[in-house]
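First up is the structure itself, then whatever we jot down about it.
The values are calculated or read from the model by the stated rules, or taken from the named source; none is laboratory data. Quantities reported herein were computed from a predicted structural model and do not represent experimental measurements. Quick reminder, even Gly has a Cβ in these numbers, built from the backbone with ideal geometry, and neighbours come from all protein chains shown. Accessible surface is based on the protein model in full, side chains and every heavy atom, while ligands, DNA and RNA are left aside. Shrake-Rupley method; radii C 1.70, N 1.55, O 1.52, S 1.80 Å.
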Amino acid sequence: MNTIVRRLHRGLMLAASLALLLSFLVYLLYATNLIPFPFDYDQGEGFELQDTVLFSQGQLPYRDTEVYPFYSSNYPPLYHVLAAPMVWIFGPAYWYGRMLSFLASLASACAVGYAVYRDGHRHLWLAALSGLAFLASNFVYHIGPLFRQHTLMVALEIAAIVILARAFPQRDKRGIAFGLLLLICAGYTKQLAAITAVAAFAWMFLRQPRAALRWAAGFIVFGALIFLWLNLASDGHWWTQAIVANVNQFHPSQAFGLFVLWFQLHGFLLVPAGLLMIYETYFDRLSIYAIWFIFAALVGGIASGTWGAGDSYFTSSIAAACILSGICLSRSVKAAWRSPPWLQRVLDGAAWPILLLAPLLYLGYARATLKMPTQGAFAPLANLLRVEPNARESFYDSASFDVPGYANIGYFVSEEDEAAGRRIVDLIKGSDRPVLSEDASFAFAADRDIVSNPTQLRNLFLAGLFRGDRLIEMIETHQFGLVILRAQFYPTPVLEAIGRAYEHWQTIHMNRFDYLILRPKSGASE
């Protein structure tokens, strides 16, 4: 019986590996398809590029939005600083920011796998599946190769947590200092990393209260000095643009829908992760991974309901779940639990079901998170799995796009998409005036000024920090040759001014979105 069970175990492990490797192949093809695309794929990528360009010129992107070009950023600097040297070599381009994020996602998967291998009694196969499971998540897949800072933040968070998990109990000062430095780096990549920092210090306090308070004091001082420098260097705009303007409206239905979707997609891993946390609560000590998971899932999940947020806010909790579930399954397969005698007898009696259950969970997870093209080389597999396109004409996403806040991306771009972008660029080049565009990529391609950041202006307006008198004046006097709208994220007074002064000219379809091309109303000088 043992021989048969072990053969079945290896066969199922191989099947799970193939399923997750297929998911990784789709992710790799998605990244390969997207990285060279010269226009915005996700709204906001172009403004990340503009931040990078400004840093490459030695300028801060935290600015007065009441004066031309009405531009400011709401994100911390590190991601853009790391990409800035590429501007000196290649000029403004999307590919290197996307490549940086993609490599960060691979580093995250490696860190997840390493944590499972190190703390799960060195089961290499399950450690590899845990890393692949992280990349297989629909939420991770979406943002992995984007020119956005979220993926790098998560990579820094995971590295910090994995280092602190060993360094703090062993009182390794260098390791602790390095782990906390990575947390500061994560925070100055994106503000959301504050959740992970709080979780890390909560766990440290449970272990060694005095030491945790001493390290927290140094952490706060160091982080505050950077904060103060940024605020002084930007004449106070850092506080206004990156902190105050990020307090957005909360939508409970969005948060609830994303919580449900998160569990539907990741439930096969969340269950063993939860079992490990129960075990730690009653028979061991809560690990840093457990505390991190709780904070990231609850606080990050609630934050996902704010305007402008979404499924990416669950990424840190997915990393924690992959580590916890991997450790749980590794210890179970290796029978490496430190348990009271009665529980050990139960686990021993369930040894062979556990051997089969572990790979079955990963197989179920691979099916739950399935996303793939449905045409070309993937058509036979799509037919075999009985999946039909539901995210675009030729792409399937197991989550579909029915939940508010779930990223409406993930499909592959086409030659037609790039051609559509080129048509918009040609229209801009035909005008001798600046363009007001919700996507910055067209202005970059036409070598025009990047004017405004619509979502930032909206957030500032709702916070009572943006009047827009000068921008509205420029609109009403037709100082923009064209206005290009995609989602109409501008503040209401700006949109009203556009409606009064500009008229619809063309609609160009690109990346599943309709770009409205507006020109000055009849009678206005060109």
> Which one of TRP229, ILE176, GLY301 is farthest out on the positive end of the charge dipole of the chain, using unit charges on Cβ (Lys, Arg +1; Asp, Glu -1) and the Cα centre as origin?
Replying inline: ILE176
> Using helices alone, what [θ] at 222 nm do you get for the chain, with -39,500 (n - 2.57) per DSSP H run of 4 or more residues, divided over all residues and rounded to the nearest 500?
Replying inline: -20000 deg cm²/dmol
>> From the gyration tensor of the Cα coordinates in the chain, what semi-axes in whole Å does the equivalent ellipsoid have, largest first, with each one equal to sqrt(5λ)?
In response: 44, 28, 18
> Within the accessible area of segment 415-520, what % is carbon and sulfur when the probe is 1.4 Å and the other protein chains stay in place?
Replying inline: 45
> With the dipole of the chain worked out from charges on the C-beta (+1 for Lys and Arg, -1 for Asp and Glu) around the Cα centre, which of ALA160, LEU106, THR240 lies farthest toward the positive end?
Replying inline: ALA160
> Over what distance in Å are the Cα centres of segment 258-312 and segment 475-526 separated?
Replying inline: 43
>> Can you list residues from other chains, or at least 5 along the same chain, whose modelled amide H is less than 5 Å from the amide H of LEU482?
In response: LEU436
> For segment 73-142, which whole-number percentage of the solvent-accessible area (1.4 Å probe, protein heavy atoms only) is attributable to carbon and sulfur atoms?
Replying inline: 77
>> Considering only C-alpha atoms, what is the centroid distance from segment 124-189 to segment 1-67, in Å?
In response: 15
> Among 494-502, 5-13, what's the highest-first ranking by average C-beta atoms within 10 angstrom per residue?
Replying inline: 494-502, 5-13
>> I'd like to compare 104-110, 31-37, 144-150: which one has the highest average count of other Cβ atoms within 10 Å, and what's the full order after that?
In response: 144-150, 104-110, 31-37
> What share of all Cα pairs of segment 206-323, in percent, falls into each consecutive 10 Å distance bin?
Replying inline: 12, 28, 31, 24, 5, 0
>> Relative contact order for the chain: what percent, with Cα pairs under 8 Å and sequence separation of 6 or more?
In response: 19
> When ligands, DNA and RNA are left out and all protein chains stay put, how many square angstrom of accessible area per residue does the chain have with a 1.4 Å probe?
Replying inline: 42
> Mind listing P(r) for segment 266-321? All alpha-carbon pairs, 10 Å bins, whole percents.
Replying inline: 25, 48, 22, 5, 0
>> Compute for segment 229-278: radius of gyration divided by Kirkwood radius, i.e. Rg/Rh, restricted to C-alpha atoms, rounded to two decimals.
In response: 1.33
>> Using amide H atoms built in the peptide plane, which far-off residues or other-chain residues are under 5 Å from TYR502 H to H?
In response: LYS521
>> Projecting each Cα onto the charge dipole of segment 415-520 (Lys/Arg +1, Asp/Glu -1 at the beta carbon, about the Cα centre), which of HIS478, ALA420, PRO493 comes out farthest on the positive side?
In response: PRO493
> So, by mean Cβ neighbours within 10 angstrom, what's the order for 207-214, 366-373 with the highest one leading?
Replying inline: 366-373, 207-214
> With charges only on Cβ, +1 for K and R and -1 for D and E, what is the dipole size of the chain about its Cα centre, in debye, rounded to 20?
Replying inline: 2540
> Rg to Rh for segment 415-520: what is it, with Cα atoms only and Rh by Kirkwood?
Replying inline: 0.96
